[in-house]
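So the structure is just underneath, and the comments pick up after that.
Since every read-out is calculated from the coordinates, none of them should be taken as a lab result. Worth saying up front: this structure is predicted, and the values here are computed from it rather than measured. Ideal geometry is used to build each Cβ from the backbone, glycine not excepted, and the neighbour counts take in all protein chains shown.
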Amino acid sequence: GPVRVPVAELKKRRILVDRDEDGYLLQIFTKPLGDRPTIFFEIIERHGSLGFGKGNFKALFVALEREQDLRGNL
């Protein structure tokens with residue numbers, strides 16, 4: 001079904017959306033918890049989807065690189 005949250009709201013909060021044949025999921029990641037970007041939390045809200053947000057992997061990777069660059073440890 002359709003995503004029930006306005007796209008502008010998702011963008012503002014940096015929430016990712018991924019779809020599969022069963023539905024969609026909303027996905028967000030915390031900032032790294034330490035000096036290195038190796039520990040962070042992933043929060044998922046499922047709306048029928050059984051997947052794990054594999055369509056969002058590239059966005060996660062880009063965000064981690066950006067965070068490392070801001071910290072000066074890329």
Could you check the spin-label model distance between residue 21 and residue 71? Points 7 Å from the Cα along Cα→Cβ, value in nm. 3.9
Quote the Stokes-Einstein diffusion coefficient, in whole µm² s⁻¹, for region 1-49, based on the Kirkwood radius over alpha carbon pairs, a temperature of 37 °C and a viscosity of 0.692 mPa s. 275
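Once the piece of chain linking residue 35 and residue 3 is laid out straight, how much longer is it, given 0.36 nm per residue of separation minus the C-alpha distance between them?
Values: separation 32, 0.36 × 32 = 11.52 nm, distance 3.52 nm.
Net length gain for the segment: 8.0 nm.
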